[in-house]
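K.L.:
Quick one: the structure is below, and I'll ask about it shortly.
The values are calculated or read from the model by the stated rules, or taken from the named source; none is laboratory data. What you see is a predicted model; the values in this text were computed from it and never measured. We place every Cβ from the backbone using ideal geometry, glycine too, and count neighbours over all the protein chains shown.
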Amino acid sequence: MKSRSACCLPWPQSSRGKFSSEVLEMAVAGMDGKEEVIQAWYMDDSAEDQRLLHHREPKEFVALEKLDELGVLSWRLDADKYETDEDLKKIRKARGYSYVDFCEVSRETLPNYDEKIKNFFEEHLHTDEEIRYCVAGSGYFDVRDHDDKWIRIAVKKGGMIVLPAGIYHRFTLDTNNYIKAMRLFVGDPVWTPFNRPHDELPARKEYIETFGNKGIPEQAIEAR
Ligand SMILES: [Fe+2]
């Protein structure tokens, strides 16, 4: 079990209501070597194929601890035993993830593939967490940092991430063109994306209050 200081633990009790010693325990669960399956870096501004790495020159990697500041949780789990994995069970129990299904994203398996791929990559937010556990393949979850810069989070088999409600983000496959992800949810799932801007939504306001985002200047939105 990895050590991790309490100062890095996300989601204070007052704002999320789910924080408990059990959740704290979850924050240190999972296998070692998380960086082997989850990496993050700042993106360049290139309009090239979204499935490319889009590293800056020189590369600017982002420590996974920094993702905590954005409210993004992550674990490494053993994807070869997801059906019986006790660590996964603990996470689900602690965070109330009662719903599970799988989403296989590839041209062969996903109906309306081109439209869905386009929609996934539209910058959006949800009013609930987006919880994805990669059990095969790989993909990129891009999130906005507090300065409105894109951070690309590369997730491979064994990587599980939670994007908090209200964070602006998007998803794309990488050049392997395949991911199989477990989708989890608290209760009946709501997958509705709210494309940016949707700053008036309570989930967005709560996100900003909780994680200290100072808000995005209007001109930054207009300039996109
Ligand atoms: Fe999303």
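K.L.:
Got a sec? Which of 98, 138 is closer than 21 Å to residue 176 by Cβ and more than 16 Å from the ligand (Cβ to nearest atom)?
P.N.:
Answer to the selection: 138.
K.L.:
Oh, and also: Restricting to the range 116-134, name every residue that is crowded, with 20+ Cβ neighbours inside 10 Å and away from the ligand (no atom under 13 Å from the Cβ).
P.N.:
If the condition is that a residue be crowded, with 20+ Cβ neighbours inside 10 Å and away from the ligand (no atom under 13 Å from the Cβ), then 133, 134 are the ones that fit.
K.L.:
Would you point out which residue out of 64, 70 is at pLDDT 95 or above and either surrounded by 14 or more Cβ atoms within 10 Å (Cβ to Cβ) or not acidic (Asp, Glu) (or both)?
P.N.:
On the way: 64 fails: at pLDDT 95 or above.
From the options 64, 70, the qualifying one is 70.
K.L.:
Tell me, yes or no, whether the range 107-115 has at least one residue that is touching a helix residue (DSSP H, G or I) at 6+ places or on another chain (Cβ under 8 Å) and either within 13 Å of the ligand (Cβ to nearest atom) or in contact (Cβ under 8 Å) with a residue 24 or more places away in the chain (or both).
P.N.:
yes
For (1) farther than 17 Å from residue 173 by Cβ; (2) in contact (Cβ under 8 Å) with a residue 24 or more places away in the chain, each residue gets a yes or a no:
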| position | (1), (2) |
| --- | --- |
| 35 | yes, yes |
| 39 | no, yes |
| 56 | yes, no |
| 88 | yes, yes |
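K.L.:
Wholly within the range 134-224, which strands (runs of 3 or more DSSP E) include no fewer than the required count, namely at least 2 residues that are closer than 16 Å to residue 68 by Cβ and either at pLDDT 95 or above or in contact with a helix residue (DSSP H, G or I) (Cβ under 6 Å, 6 or more places away or on another chain) (or both)?
P.N.:
150-156, 159-163
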